[in-house]
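The values are calculated or read from the model by the stated rules, or taken from the named source; none is laboratory data. Keep in mind that what you see is a predicted model, and the values were worked out from it rather than measured. Virtual Cβ from ideal backbone geometry, glycine too; neighbours counted across all protein chains shown.
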Amino acid sequence: MQPHFTGTCLITDHVPALAAFYAAVLDAEVQGGDPFARVAVPGAVLSFFSTQGMESMLPGSTAAASSGGFTLEFQVTDVDARHEGLLAQRVHILKPPTTQPWGRRSVWLRDPDGNIVNLYQDA
């Protein structure tokens, strides 16, 4: 069987805050709490695990890690409508809705840990 990507897990010192941020941005619900939470969207699950929890499972595993090192992409139906909703939530926008030369329209924001979030729609 070919591997099937199902999601990713962000290691963070702020599990509840990061999970709540993504739940609000993605119109989803948080499942779980500290030290482990997840937000499911169609096609994948975004999980959050505490740095302390990770270290207790595998000492030294987060020594070389830093927050803000990811760009996460989510396909949406309407970037402009999503942008208006983000502004209403007072989410800091890094790059307003822009159509790229290859046709993809996207809006960029940053999560509380510094990761870039790209909400996009294909042309």
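Things worth noting here:
- Here Val91 does not fit the description of being at pLDDT 95 or above and either more than 17 Å from Ala17 (Cα to Cα) or not charged (D, E, K, R) (or both).
- When Thr8 is tested against (1) surrounded by 13 or more Cβ atoms within 10 Å (Cβ to Cβ); (2) in a strand (DSSP E or B), exactly one condition is not met: (1).
- Breaking point among (1) out of contact with any helix residue (DSSP H, G or I) (no Cβ under 9 Å at 6 or more places or on another chain); (2) farther than 21 Å from Tyr120 by Cα; (3) acidic (Asp, Glu), for Asp13: (1)
- Per-region count, segment 77-119, residues part of a strand (DSSP E or B), small (Gly, Ala, Ser) and out of contact with any strand residue (DSSP E or B) (no Cβ under 6 Å at 6 or more places or on another chain): 0
- Per-region count, segment 24-60, residues surrounded by fewer than 17 Cβ atoms within 10 Å (Cβ to Cβ) and of a type in the set (Lys, Arg): 0
- Options Phe70, Phe21: the member that is modelled with pLDDT of 95 or more, aromatic (Phe, Trp, Tyr) and surrounded by 11 or more Cβ atoms within 10 Å (Cβ to Cβ): Phe21
- Annotation note: Cβ proximity below 8 Å between a residue of segment 33-56 that is farther than 11 Å from Cys9 by Cα and a residue that is of a type in the set (S, T, N, Q) and at pLDDT 95 or above (sequence gap 6+ or interchain) occurs for Ala40/Gln31.
- Looking across segment 28-76, the residues that are within 19 Å of Leu119 (Cβ to Cβ), touching a strand residue (DSSP E or B) at 6+ places or on another chain (Cβ under 9 Å) and assigned to a loop (DSSP other than H, G, I, E, B) come down to Ala28, Glu29, Gly43, Gly68, Phe70, Val76.
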